[in-house]
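Below is one structure, written out as structure tokens; the observations come after it.
Since every read-out is calculated from the coordinates, none of them should be taken as a lab result. The model shown is predicted, which means the values in this text are computed figures rather than measured ones. Here Cβ is always computed from backbone atoms with ideal geometry, including for glycine, and neighbour counts include all displayed protein chains.
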Amino acid sequence: MDSPVVTLTRNGAIAVVTIDRPPVNALSADVRRGLLDAFDELADDPGVAGVVLACAGRTFVAGAEISEFGTPAFSEADPNDVHAAIENLNIPVVCALHGTTLGGGMELALACHYRIATPTAKLGLPEVTLGLLPGGGGTQRLPRLIGAADALEMMLSGAPMSAQTALEKDLIDVIVEGNLLEAAQRFVGELVATRAPLRLASEVDVDRASVSPTLFAETRTSLAKKARGAIAPARIVDCVVAAVTRPFAEGLKYERDLFVECMNSRQSAALRHAFFAEREAGKLPGNLAGNAKDMDLRPIRKVGIVGAGTMGGGIAMNFLNAGIPVVLLEVKQDALERGLGLIRKNYEATASKGRMTLEQVAQRMALCSGSLEYAELQDCDLVIEAVFENMDIKKAVMTRLGEVCKPGAIIATNTSTLDVDVLAAASGRAADVVGMHFFSPANVMRLLEVVRGRDTAPEVLATVMGLARTIKKVAVVSGVCFGFIGNRMLEPYLRECESLLLEGATPTQIDHAVEAFGMAMGPCRMIDMAGVDVAAKVVLERRKEGALPADPSYRTACQMLFELGRHGQKTAAGYYRYEGRTPVHDPEVDRVMEGLAAQYGIARRSDISDEEIVERCLYPLMNEGAKILEEGIAYRAGDIDIVWLNGYGFPALKGGPMHAANVIGLEQIVACLDHYADKRGNAFGYWTVAGLLGDLAAAERAFGDA
């Protein structure tokens, strides 16, 4: 046979079918056709006694070719036909697994008669993370091999399983050290010599002991809480029920019907958009992308962090986890000891949950040193300032870093709102300066906004983007403006939340409406958790800078709560009253809002609908995103989506604010903004449609269109 991605070779009576489609051997149409051709040829070859199915490169098949979904290629060479050709071969087929065997690759392995793996191999069916279910027999074969309960857990979590766990569950037959391909051929030879039976997963019944009387009902109840409104998890349960109650052929057809339903859903489209947008976010565009491979990236072997508070300590943990030594700098010994102690406490808490050994805690802490002297930063390749969010304080720190850091060291600021260009100028070496805006808690949150200053050197930007991958962050590049991408878009969201409070909506009503849309947390709960004092101080700082609109009522709600000492969860009172961490409606907040409404001449009303709340909070946010694109602050609409998905709890099932706007319809967004401009007035430009948004709507195009 002749295929550029699938080869068939023979070693005596043993045939080897090898998939070689870099980088991850995705199960594309050409791979599926090559496999069909190979196994058709083997079916007609009496000289072959056994077969090894393997992959070249760093991994076995790591999944389907997602980009083919919804295209004609999706219908070519049905994977179920490939699996049937393998199962029906009258000689043993052994799958040799290494790297990650995921999704369609896992289903391919399940169709083989036997499976062997390297010790480091991982196996999984993560389709649920893309709003899908395994559509190549996975929901039917897996329960037959490991039982319904374990199969449900594996498919609903999407988490990969280690080779050792797979061996314990009889999902693989043996773990082999050394040369995998040679071991697989020996294994096939032994099967042939002993005339071992062909084990077909499709002919096994699901172990009834794995199906408790309440399994499916309890799983559905759990999903109603954990996977609110998600289609794919519910359909996975339906398919496993079919695996238990129906013949294999019927279950396979049922699975395919439900797979197509999921694939065609808006939820899966949104999740697949986010998958590809995350990949794109790490790529530098334009002239930077063209030069990235030729750039001499700066080595980062040691990192300094100025400020040992909660944020500084969290940032440090990212580098310690990656094996990079860190120097933590503070101005006072007690603050330094407190910061180092917090890092140790966080690690020990992780160890107590079994996620880390005490030896690993010791290894990480050994990489972390503390100092009160800036001179200790002289041999650092990257220094990040993480001091209090105040321009004067940060400028002073940046000036000092410009003096003490070695030539070629990267100097980063963790500011969330301040002007990176001003801070860069204070350092005296602006080309070396970049923003690295970590999100709190910094050791947990995946998002990193990398802020390119006016003078940031291209190799500095490229180095930090590469470093983000090393410390397992999702990095998005932003230009310089107030709040960068995420916090700038947060501003109109919070502005409208507060306007609605003055007009008569309650915090509970606003949060419920926004959470029903899918946001992880409503704006009032979010500010209470982050700190009303923090939110109010940002507004006050901007007022000092003359950067606020002339609207006298602008975000007066959070400022008044701050003045009243209602700082959120930390004081057990903010937009809500707190019983422990449980928010409770507080009539006192209603009285505060009534007083502010009277002070600013705002009419109160009782007819505010959930629909109005969602439109007024989220459509201006999307409009601000359009302005950010228009100004070149963000490179791509997908970058904005990644920021909001990973940093602000935007619902993954909606794909981010810009994707959600496309789904709603840009014409409808424009019409709605115009409606509120007419209804509420537009003296401060709150409802003015962004030029890009208006142009795209008029042309019937969408964000992200080429």
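Of note:
- Selection from L132, P79, L97, by position along the positive dipole direction of segment 6-263 (Cβ): L132
- Kirkwood Rh and Cα Rg combined as Rg over Rh, evaluated for segment 6-263: 0.96
- MRE, 222 nm, helices only [DSSP H, n ≥ 4, -39500 (n - 2.57), over the chain, to nearest 500]: -15000 deg cm²/dmol
- Degrees between helix 310-321 axis and first principal axis of the chain (Cα, 0 to 90, nearest 10): 30 degrees
- P(r) for the chain, from all Cα pairs and a bin width of 10 Å, is 3, 13, 20, 22, 20, 14, 6, 2, 0, 0 %, short bins first.
- 10 Å beta-carbon shell around G518, net charge (K/R +1, D/E -1): +1
- Restraint check, K537/K570; K394/K537; K226/K654; K122/K169; K406/K472; K302/K406, Cα-Cα greater than 18 Å: K406/K472
- Take every pair of alpha-carbon atoms less than 8 Å apart whose residues are at least six positions apart; their mean separation over the length of the chain yields a relative contact order of 9 percent.
- Measuring gaps between exposed loop sites in the chain (chymotrypsin sites (Phe, Trp or Tyr not before Pro); DSSP loop; at most 15 other Cβ atoms within 10 Å), the longest gap, sites not included, is 1-387.
- Sparse-neighbourhood loop sites, trypsin sites (Lys or Arg not before Pro) in segment 221-311 - DSSP loop, at most 14 other Cβ within 10 angstrom: R228, K283, K293, R301
- Placing +1 on each Lys and Arg Cβ and -1 on each Asp and Glu Cβ, with no other charges, gives the chain a dipole about its Cα centre of roughly 1480 debye.
- Segment 6-263 - percent relative contact order, Cα under 8 Å, separation 6 or more: 19 percent
- Length gained on full extension, I393 to E579: 63.3 nm, using 0.36 nm per residue less the C-alpha separation.
- Length gained when the stretch N88-E190 is fully extended (0.36 nm per residue, less Cα-Cα span): 34.7 nm
- Counting only DSSP beta bridges with both residues in the chain, the antiparallel share comes to about 30 percent.
- R208 versus S162: modelled label distance in nm, points set 7 Å from Cα along the beta carbon direction: 3.5 nm
- In terms of other Cβ atoms within 10 Å, L223, L448 run from fewest to most in the order L223, L448.
- The residues neighbouring H567, those whose beta-carbon lies less than 12 Å from its own, together hold a net charge of 0 under the Lys/Arg +1, Asp/Glu -1 convention.
- Extension gain for D334 to T470 (0.36 nm times residue separation, less C-alpha to C-alpha distance): 45.8 nm.
- Between the residues A121, S67, P4, the greatest Cα displacement towards the positive end of the dipole of segment 1-124, with unit charges on the Cβ of Lys, Arg, Asp and Glu, is found for A121.
- Based on Cα contacts under 8 Å between residues 6+ apart, segment 576-706 shows a relative contact order of 21 percent.
- Annotation note: trypsin sites (Lys or Arg not before Pro) in segment 405-464 located in DSSP loop regions with a Cβ neighbour count of at most 15 within 10 Å are R446, R454.
- Order of D238, D381 - criterion: other Cβ atoms within 10 Å of each residue's Cβ, fewest first: D238, D381
- Seen from E503, the other residues with C-beta closer than 11 Å to its C-beta sum to a net charge of -1, counting Lys and Arg as +1 and Asp and Glu as -1.
- Cβ-Cβ FRET estimate between A43 and A249, R0 fixed at 22 Å, reported to 0.05: 0.60
- Take the Cα of E373, step 7 Å toward its Cβ, do the same at D455, and the gap between the two points is 3.0 nm.
- Loop-located trypsin sites (Lys or Arg not before Pro) across segment 507-576 with a Cβ neighbour count of 10 or fewer within 10 Å are lacking, with loop assigned by DSSP.
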